Every structure is written in structure tokens, then in C-alpha cells.
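The values are calculated or read from the model by the stated rules, or taken from the named source; none is laboratory data. Keep in mind the model is a prediction, meaning the values are calculated, not measured. Because the Cβ atoms are built from the backbone with ideal geometry, glycine has one as well, and the counts that use them run over all protein chains shown. Calculation scope for accessible area: heavy atoms of the full protein, side chains included, ligands and nucleic acids excluded. Shrake-Rupley method; radii C 1.70, N 1.55, O 1.52, S 1.80 Å.
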Amino acid sequence: MQQIQVCQSGDLEEGGTGYRFRVLYNSEETTAFIVRVDNEVRCFLNRCSHVPVELDWNYGEFLDDSGRIVVCATHGASYDATDGSCLGGPCDGNPLVRLNIEEKDGAVYWTPTELITVPSDGIED
Ligand code: FES
């Protein structure tokens with residue numbers, strides 16, 4: 001499928017605020033987010049594997065003070081921000097859903113799949 005430009009590289013600081021955008025997951029409207037960890041962009045569905053609610057504790061705030069761990073705002077499940085794997089808490093071994101993301105030429109691009117697609121009214125959150 002065709003790549004979609006989501007944001008600029010400069011929108012993402014190492015271990016900083018995530019960039020949210022809208023997606024359709026299994027035809028359901030939800031959001032995804034991108035963070036930069038170890039100077040690589042990482043992208044996940046904004047949905048806890050414990051209960052399908054958004055993860056951020058303030059808009060776009062996903063990472064703990066280490067800048068490497070995503071902590072769910074609802075019950076504190078923690079995930080490795082490099083790969084989305086569950087580190088502890090109610091995620092019970094279940095990872096975050098990853099999205100295909102690529103950084104090139106100063107921008108960040110997402111490649112939709114059959115499961116995670118572009119909403120008809122765009123990705124801007
Ligand atoms: S909803 Fe995320 S830890 Fe329970």
C-alpha cells in the first residue's frame with residue numbers, strides 16, 4: 001500500500017512527546033502514535049492490551065521519565081517503547097500493536113495494511 005506522510009522528523013524528540021494520528025483499526029476509529037527512542041521512530045496503536053482504551057496520560061504523553069517505557073494511564077501496564085512488548089502490569093504478556101513506519105528525508109511515513117487503514121476524513125487528530 002501507499003505510504004502516508006504523518007509528521008516531520010523534527011516533531012519527535014528523543015524520549016519526548018508522542019505524535020498522535022487517526023487510523024481505522026479493523027474498521028473502528030481509533031488513534032496511533034509515534035515516539036522516538038534510541039533515535040529511531042516507533043509507532044503503535046494507541047490501545048492498551050489490557051482494556052482497549054487510549055494509553056496517554058495527557059494528550060501525546062506516553063513515555064515515563066526514562067523515555068523508554070510506555071505506561072498506560074489507566075492501570076499502569078508498562079511496555080518497552082522500542083518494540084511494544086509488555087514489561088509488567090495488567091498487559092499480562094500481551095504487546096502493543098505495531099504499525100509500519102519509516103523515517104526518510106526529514107519526515108515520517110506510515111504504510112497502512114489491510115487491518116490498519118486511513119480514515120476517509122484523514123489522519124489528523
Ligand atoms: S487499560 Fe491499560 S493497564 Fe488497564
Scan Asp92, Asp105, Asp83 and give me the residue that is within 16 Å of the ligand (Cβ to nearest atom) and open to solvent by 50 Å² or more (accessible area, probe 1.4 Å). Asp92
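Could you check the stretch 67-80 and list, in sequence order, the residues that are away from the ligand (no atom under 16 Å from the Cβ) and open to solvent by less than 70 Å² (accessible area, probe 1.4 Å)?
Restricting attention to the stretch 67-80, the residues satisfying the condition of being away from the ligand (no atom under 16 Å from the Cβ) are 67-68.
Within the stretch 67-80, just Gly67 meets the criteria.
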The strands (runs of 3 or more DSSP E) lying wholly within the stretch 39-90 that contain at least 2 residues that are within 25 Å of Tyr109 (Cα to Cα) and free of Cβ contacts under 8 Å to residues at least 40 places away in the same chain are 69-71, 78-80
A careful count of residues in the stretch 41-58 that are more than 13 Å from the ligand (Cβ to nearest atom), surrounded by fewer than 19 Cβ atoms within 10 Å (Cβ to Cβ) and under 13 Å from the mean Cα position of the chain (by Cα) gives 0
